[in-house]
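The structure under discussion appears below in the form of structure tokens.
The values are calculated or read from the model by the stated rules, or taken from the named source; none is laboratory data. Since we're looking at a predicted model, the values are computed, not measured. Positions of Cβ are generated from backbone atoms using ideal geometry, with glycine treated the same way; all protein chains shown enter the neighbour counts.
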Amino acid sequence: MIVQMVRTLIDEVRTGKREGSVVSTQTVGSPSADQKEAWRQLRKELESVGITPVLFEKHRIVIIATLEKAIREEGLAGDIPDTYDSCDSSGSGQEDLELSTPPAISSAEPYVKHTNEPLQQPIQDRDPSDKVPNIDVPMRIKNILKNMGRLARPSIKSRFMAAAKRGDTFLVEQLLIEGASVDSKNWYGYTPLLLAADNGHETVVKLLLDNGAAVDSMSKPGMTSLSVAALKGHKAVVKLLLENGAAVDSMDESNKTPLSWAVWDGHEAVVKLLLDNGAAVDSMDESGKTSLSRAARNGHEAVVKLLLDNGAAVDSMDESGKTPMSQAALNGHETVIKLLLDNGVAVDSMDESGKTPLSWAARNGQHGMGMRQ
């Protein structure tokens, strides 16, 4: 199917239906001129016959091979080796492409300088055994094919990142052997360790740590591997990171700690693990909220109880004057309100807007929910 799509494009070029196609347009001057623009044009032409970016990524090897064959059959590029003739089009992997040899373009054909001057000898008068330069050779497309592997093929860094993200322990190990930088970063500042921790890949995390990965390396927002693992509730990864010296109270750019992130989605087991390893129970984020406030806001009763059992300040106030009780009342979490009441919370504390927890409950139609001023 993919080959047929590419052949449709080639056939349309041959029959003149694609005037100005990058496949047939002759480049004047340097054969490397406008290389990136020509590459974009080729991708657009492929899309016009149904080869979407997704299909291109999946079948790029066969697409390159089909284009090469078409050019060779037209006598445009000399003898091009059948580099990809036996490639399996079902492969989706960037790994397959990385391990393949880039397309080889023969340099046997001499460079043709385009000029308005007549040829020194009429072609029909030449000896047929002489090699006649083809002045219609589309130099641009030959150079695109020559460099397509380089342009489309992911670097060792991007392959390393992708392998860590999806938990491919074998490939991560192989790329480390090939020289991949264990602490390389992507545009967002994520290292392979951060990506592996974020996705809960314990064996990859261990492999990276064993190879010297910086355990507390931060992303651009300042999150460490421990923070992202805590946010996702990956207990085994959190434990492994702590055993390898991860800072339990590291803060991101909004002053949130791993504990702050763990309580947000109610990851009780991770919260307990962090507290058992000395996490500061009352650390505040940039808005003054403690982990107790965040857990109360989202109604995570078991986490609220765990925090209270570990000495969390029941009446801590954020920058707007709201307490954990205010947060629970504002969001209608009855079981959390009862738990806080059982722990002696003040029901008449006012926030900066002059509202008490009872006011918030009444405003939301919760009729006091057991609170009395």
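Any chance segment 354-363 includes a residue that's at pLDDT 95 or above, not basic (K, R) and not in a loop (DSSP other than H, G, I, E, B)?
Looking only at segment 354-363, we keep the residues that are at pLDDT 95 or above, and these are none.
No, there is no match, as no residue in segment 354-363 is at pLDDT 95 or above, not basic (K, R) and not in a loop (DSSP other than H, G, I, E, B).
Between S283, S217, S260, which is over 22 Å from the mean Cα position of the chain (by Cα), small (G, A, S) and part of a loop (DSSP other than H, G, I, E, B)? Don't jump to the end; show me each part of the working.
Details: S217 fails: over 22 Å from the mean Cα position of the chain (by Cα); S260 fails: part of a loop (DSSP other than H, G, I, E, B).
When all the criteria are applied, what remains is S283.
Can you name the residue in segment 282-307 that is among the aliphatic types (A, V, I, L, M) and crowded, with 22+ Cβ neighbours inside 10 Å and is also nearest to L339 (Cα to Cα) among such residues?
Within segment 282-307, the subset among the aliphatic types (A, V, I, L, M) is 284, 292, 295-296, 302-304, 306-307.
Next, only the ones that are crowded, with 22+ Cβ neighbours inside 10 Å stay: 292, 295-296, 303-304, 307.
Values: L292: 12, A295: 12, A296: 10, V303: 11, V304: 8, L307: 12 Å.
Here the answer is V304.
Table: residues versus (1) assigned to a helix (DSSP H, G or I); (2) touching a Gly at 6+ places or on another chain (Cβ under 9 Å); (3) closer than 21 Å to S250 by Cβ; (4) modelled with pLDDT under 95.
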residue	(1), (2), (3), (4)
S293	yes, no, yes, no
L308	yes, no, no, no
L341	yes, yes, no, yes
G344	no, no, no, yes
Q366	no, yes, no, yes
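Any chance segment 244-254 includes a residue that's in contact with a Leu (Cβ under 7 Å, 6 or more places away or on another chain) and over 28 Å from D309 (Cα atoms)?
No, segment 244-254 contains no residue that is in contact with a Leu (Cβ under 7 Å, 6 or more places away or on another chain) and over 28 Å from D309 (Cα atoms).
For segment 216-230, enumerate the residues that are at pLDDT 95 or above, buried (at least 21 other Cβ atoms within 10 Å of the Cβ) and in contact with a helix residue (DSSP H, G or I) (Cβ under 7 Å, 6 or more places away or on another chain).
Residues satisfying the conditions are S225, L226, S227, V228, A229, A230.
Going by what's in this entry, would N331 be described as modelled with pLDDT of 95 or more and among the polar types (S, T, N, Q)? Explain how you work it out, then say what you get.
Values: modelled with pLDDT of 95 or more: no; among the polar types (S, T, N, Q): yes.
Judged against the criteria, N331 is not a match.
Counting just the residues of segment 145-180 that are surrounded by fewer than 14 Cβ atoms within 10 Å (Cβ to Cβ) and part of a loop (DSSP other than H, G, I, E, B), which one comes out modelled with the lowest pLDDT?
Residue satisfying both the conditions and the ranking: S155.
Restricting to segment 180-218, name every residue that is among the polar types (S, T, N, Q) and within 22 Å of V271 (Cβ to Cβ). Before the answer, list the steps.
If we filter segment 180-218 for residues that are among the polar types (S, T, N, Q), which is where we start, we get 181, 184, 186, 191, 199, 203, 211, 217.
Scanning segment 180-218 gives a single hit, N199.
Here is a yes/no grid of residues against (1) free of Cβ contacts under 8 Å to residues at least 40 places away in the same chain; (2) among the polar types (S, T, N, Q):
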| residue | (1), (2) |
| --- | --- |
| L207 | yes, no |
| V215 | yes, no |
| G222 | yes, no |
| A236 | yes, no |
| N244 | yes, yes |
| D252 | yes, no |
| S260 | yes, yes |
| W264 | yes, no |
| V270 | no, no |
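G278 is checked against (1) under 30 Å from K239 (Cβ atoms); (2) crowded, with 22+ Cβ neighbours inside 10 Å and fails just one. What number does that condition carry?
(2)
Given the residues G16, G91, G75, G29, which is the only one that is part of a loop (DSSP other than H, G, I, E, B), at pLDDT 70 or above, surrounded by fewer than 18 Cβ atoms within 10 Å (Cβ to Cβ) and not assigned by TED's automatic domain parsing to the domain that holds D168? Working first, answer last.
Values: G91 fails: at pLDDT 70 or above; G75 fails: at pLDDT 70 or above; G29 fails: at pLDDT 70 or above.
Result: G16 is the single residue among G16, G91, G75, G29 that is part of a loop (DSSP other than H, G, I, E, B), at pLDDT 70 or above, surrounded by fewer than 18 Cβ atoms within 10 Å (Cβ to Cβ) and not assigned by TED's automatic domain parsing to the domain that holds D168.
Test A246 against the criterion of being surrounded by 15 or more Cβ atoms within 10 Å (Cβ to Cβ), under 16 Å from L273 (Cβ atoms) and not acidic (D, E), and give yes or no. Lay out the reasoning, then the answer.
Details: surrounded by 15 or more Cβ atoms within 10 Å (Cβ to Cβ): yes; under 16 Å from L273 (Cβ atoms): yes; not acidic (D, E): yes.
So A246 fits the description; yes.
Determine, yes or no, whether G200 is over 22 Å from A236 (Cα atoms), of a type outside the set (K, R) and in the same structural domain as S225 (by TED's automatic domain parsing).
Working: over 22 Å from A236 (Cα atoms): no; of a type outside the set (K, R): yes; in the same structural domain as S225 (by TED's automatic domain parsing): yes.
Spelling it out, it is not the case that G200 is over 22 Å from A236 (Cα atoms), of a type outside the set (K, R) and in the same structural domain as S225 (by TED's automatic domain parsing).
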